[in-house]
Each structure stands twice: as structure tokens, then as C-alpha cells.
Amino acid sequence: MNKRLIWALAAAIAVCTLALIYVQLNWIFSIRQAEEDNFARKIQIILDNVVADIVEEEIRIAGAAEYKNRKLYDRSIDDRVNLEEVQFFLKKEFHKRDINISYEFGVTSERGEILFCSDGFENVSPEVTYVVKLFPHDPDDISQYSLNLYIPDQSGFIRQKIWILIIVSIILTLIITGTFTANLLIIFRQKRLSEIKNDFVNNMTHELKTPIATISLAAQMLSDPNIPNKEQKLPYLSGTILTESKRLQLLVEKVLQIAIFERGNLKLKYKEIDFSTLLNNIIGHFALQIERNHITFKTAINTPGTIVWADETHLTNVFTNLIDNAIKYRRSEDPAISISAENTEDSVIITIADNGIGISQDNLKKIFDKFYRVPTGNVHTVKGFGLGLSYVKKMVDMHRGTIKPESEPGVGTKFIVTLPVIKKN
Ligand code: ADP
């Protein structure tokens, strides 16, 4: 997929997510507003009912006739209503509507004096105040009284009602943004991987061309009757064919190694293997290369009779890769490699150490990654695909072993491999 398209999609999703968050916030705000209005309406009804209750009570005690005769409202306020009565009716009404919130109330005169009130009324700073006329049927020409209700924490009460909504919205938004980011990361990783794979195919094709060309040239020379002194050139040509076909073999081996990663269910053929024999055989194959490159080579294989449970081909590849790297990444002067193997209680520890170019600590963390090669600017003097060590790691893991790299640039590199042992002398 085209990078621009990915970014465009990402931007579209990001904009949509932001819009969604915006819409959600709006919803939450309007729901909150609706809840607030609803709550205020309920409180208003409560107060109206309380006032009606108080009037009703006054009439019940004094009688309707007196009420009509203006007798009732000519009395002082203390004769008409008291704190306990208001408290009782308020409690009843709040209870009836199942509203569980703390409130303070007070009865005030026209001039705003407090005539009586609940304990906290004067100290509380109310968020919302509700006021109703206490005796709505009193004529306008006599003193008027008001019932004031203070609610200290109305917004907290309403918030409590919509908090589930808010939390669910937050969680959903987080999930959406999380999965979206994860998706984007996956897309970019896949893209990088496919680029690397393309590179790999290009490199590999290039690498395969040279030995094929050399071999066909040698074969042409062998079959050409016009070339004189063919007998003299025979060892040289056959030698060339041999080395070049070996190179081809190695390349094919590498391609097989990458295929291993692609195949999910890799089955190893485990069997009992004499470890010293295996390791000495592998080392033997490198004799020529070691000699040709003037490498000081030391071995200390002290694992007689040690049997491991392993797949012979893959375990061979593991050590071949490590020794191959030790040779490939050698220093130009006085290169040296040492290989040691010894037993512990229930495992065998193999150390492959070189005094080569080394790897910096930052890069050391990535050397087991698929296709990773320590960057050396644009040109790699040493050929490779960055697959060897990721293959090695995978195989060591499958054999229930461990591999630990130690390295210092300019000083050398050491790989310490441990494998479980099933039998030893
Ligand atoms: P490659 O095909 O590039 O050799 P590997 O997976 O075998 O891939 O190694 C990954 C990288 O680790 C190499 O490109 C190289 O930079 C670094 N490396 C591996 N072994 C050694 C070593 N013995 N000394 C220095 N660098 C090494």
C-alpha cells in the first residue's frame, strides 16, 4: 500500500475519532443540562407541595371559615408555621421522590431577614437556591414570607447520575484510539517488512547471478574444443565449479532458513546426539577457511559423552552460523577465534568468541531481529541478509536453550549458548 494512502486513511480516522469525541462530549453536556433541568423541576414541585402541605395543615387546624375571615394570615409567623413542620414536610416530599441529597432551608421575611432556619442554612454556600412564596394565598397587602432551599452539592449529585455514561464513553474512546494506533503500527511494520523482503529478493537474485555465471562460463570452457591446454586448466575449472556450487548451496540454505520463519508449524526431528562429535565435525568444515584467512584458532571441547536431544541439521546450522559470523566479521589484523564447550550440572555451555569488529550495545539488542544488520553506512563489505542470528535464536529456543551475546566494538564478540543435556559421562 502506498504510504500517502496510509497516512490519508490515518488522518481520516483521526479526524473522525476527534469528531466522535466532540459529539460525545456534546451529548454528555446536553444530558447533564437535561438532568439539571429535570432536577430543578422536581425540587420546584417538592417546594410547591410543601407549601401546599403547610397551608393545608393551617386550614385543618384552624378551619376554613377563619381562613376566609383573614384571621389566619393576621397572626404572627410563629403562630402559623414552625421549623419542625417545614422540616417534616420537606423530608416527606424528598422521601416520596426518592431524592437522597442534603439540603438546608430557611424562612425569610420580605426584607430578607431569616425568621427560622435549619442548622447549616447560614453557613452553607449554596450552588443553587430555590425560593417559593410560603403562603401563596395571602393577600398582597400583608407581609410576605419565603421558603428558601439551599442545595450545597447539586452538581455532584447530578454527576453521580451520569458518571456511568461518562466512564463508558471514556473507555470506548480509549479502546477506539488504542486499536486504531495499534492497527497503524501493524500496517507500518508490515510495510517495512515487505520492503525488507523486496530488498532480500533483490539481493538474493544478485547474489545468485554471480556463481551461476561463473559456473556456466567454466562449463563453456570445458566444452569448447577450441580451447588449448584444456588438461592444464582442468583442476582450476573444476575447482571453480566446486567453490561456486558450494556458494550456491549456501545461498539456497539461507533461502530455506527464511522459509522456516514463514512456515508456522516447523517440526524438528529430535534424536539423541553426541555433542562433542557434532561440534568437532562442524569445526572441521571450517578448517580451510580458517587457514586461508590466517585466523588463530583455539578450541577447548570438554564434553566427552555428552548427549543432547536435538535436531541434527538445525543444531549444526546454529553453530555453523555463529562460527561463520565470527569469521565474516573478523578484524583485518591478527584475527582470532576460540570455541569452548563444557558441562554444568544439567546443560552444556558453548562459547564462541572472536576478536573481531564487535557490536555496539545499542545494536546488540537488535541482532536477533529478522533481517537486522548492524548499519555500516551504505556499503556492506560483508555479504549477508541479517537472517542468520534470528534463525539461530529461534532454533536455540526450540531446543530449550539460551543464547547470550556479549560484545564491544573493536574488541570482539562472544556468543554463549547453553543447551540442556540428557546424558553425560
Ligand atoms: P548477516 O547475514 O548480516 O551476517 P546475522 O543475523 O548473522 O546476519 O547477523 C546480524 C548482524 O549482527 C550482522 O549483520 C553483523 O552486523 C552482526 N554480527 C553478527 N555476528 C557478529 C560477530 N561475530 N562480530 C561482529 N558483528 C556480528
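The values are calculated or read from the model by the stated rules, or taken from the named source; none is laboratory data. Just so we're clear, the structure is a prediction, and the values are computed from it rather than from any experiment. Here the Cβ positions follow ideal geometry from the backbone for every residue, glycine too, while neighbour counts run over all protein chains shown. Please note that ligands, DNA and RNA were not included when accessible areas were found on the heavy atoms of the full protein model with its side chains. Shrake-Rupley method; radii C 1.70, N 1.55, O 1.52, S 1.80 Å.
General remarks:
- The listed residues T351, T402 rank as T402, T351 when sorted by accessible area, largest first, using a 1.4 Å probe.
- Entry for the chain at q = 0.08, 0.10, 0.11 Å⁻¹: log10 I(q)/I(0) = -0.68, -0.87, -0.98, Debye formula applied to identical alpha-carbon scatterers, no solvent contribution.
- Among I282, I258, I46, the residue with the largest mean-square fluctuation in a Gaussian network model of the chain, with springs joining Cα atoms closer than 10 Å, is I46.
- For segment 250-349, the C-alpha radius of gyration divided by 2.2 N^0.38 Å, with N the number of residues, is 1.20.
- Using a cutoff of 8 angstrom between alpha carbon atoms and counting only pairs six or more residues apart, the relative contact order for the chain works out to 10 percent.
- Relative counts (whole %) of C-alpha pair distances in segment 107-162, using bins that are 10 Å wide: 21, 42, 24, 11, 1
- Estimated from helices alone, the mean residue ellipticity of the chain at 222 nm is -19000 deg cm²/dmol (sum of -39500 (n - 2.57) over DSSP H runs with n ≥ 4, per residue).
- Low-density loop cleavage sites - chymotrypsin sites (Phe, Trp or Tyr not before Pro) in segment 351-424, where at most 12 other Cβ are within 10 Å (DSSP): none
- Here the Karplus relation 6.51 cos²θ - 1.76 cosθ + 1.60, evaluated at θ = phi - 60°, turns the backbone of segment 164-178 into coupling constants of 4, 4, 5, 5, 4, 4, 4, 4, 4, 5, 4, 4, 4, 5, x Hz, with x for every Gly and Pro.
- Long-range HN-HN contacts of T299 with modeled amide H, under 5 Å: I339
- Hull volume in cubic angstrom per residue (convex hull over the Cα atoms of segment 97-193): 166 Å³
- Residues C16, C117, ordered by accessible area of protein heavy atoms at a 1.4 angstrom probe radius and largest first, appear as C16, C117.
- Sequence of R192, R4 from largest to smallest accessible area, 1.4 Å probe: R4, R192
- Nearest-10 value in Å² for the accessible area of T108, using the 1.4 Å probe: 20 Å²
- 3J(HN,Hα) couplings calculated from phi for segment 232-239 with the Karplus curve 6.51 cos²θ - 1.76 cosθ + 1.60 (θ = phi - 60°) are, in sequence order, 5, 7, 3, x, 5, 5, 5, x Hz; Gly and Pro show x.
- Size of charge dipole - the chain - debye, nearest 20, with Cβ of Lys, Arg +1 and Asp, Glu -1, no other charges: 3400 debye
- log10 of Debye I(q)/I(0), alpha-carbon scatterers only, for segment 1-119 at 0.09, 0.15, 0.16, 0.23 Å⁻¹: -0.48, -0.84, -0.91, -1.29
- Set of lysines with alpha-carbon distance to K161 below 20 Å, sequence-local pairs under 8 removed: K42, K96
- Neighbour-limited loop hits for GluC sites (Glu not before Pro), segment 67-161 (at most 13 other Cβ within 10 Å; DSSP other than H, G, I, E, B): E110, E113, E122, E127
- Measuring nothing but how far apart in sequence close Cα pairs (under 8 Å, 6+ apart) lie, relative to its length, segment 1-115 scores a relative contact order of 20 percent.
- Proximity of backbone amide H atoms, modeled 1.01 Å from N, is registered between Y145 and L134, F135 at under 5 Å, excluding neighbours fewer than 5 places apart on the same chain.
- Along segment 292-309 the Karplus relation, 6.51 cos²θ - 1.76 cosθ + 1.60 evaluated at θ = phi - 60°, assigns HN-Hα couplings of 4, 9, 6, 9, 6, 10, 10, 10, 9, 9, 10, 10, x, x, 7, 10, 10, 9 Hz to successive residues, with x for each Gly and Pro.
- Rg over Rh [alpha-carbon atoms, Kirkwood Rh] for segment 252-309: 1.09
- Ordering L389, S109, G239 by Cα displacement along the dipole of the chain toward the positive end leaves G239 in first place; charges were set at the Cβ atoms of Lys, Arg (+1) and Asp, Glu (-1).
- Sequence-separation-based contact order of segment 281-348, relative, with Cα cut under 8 Å and 6+ spacing, percent: 51 percent
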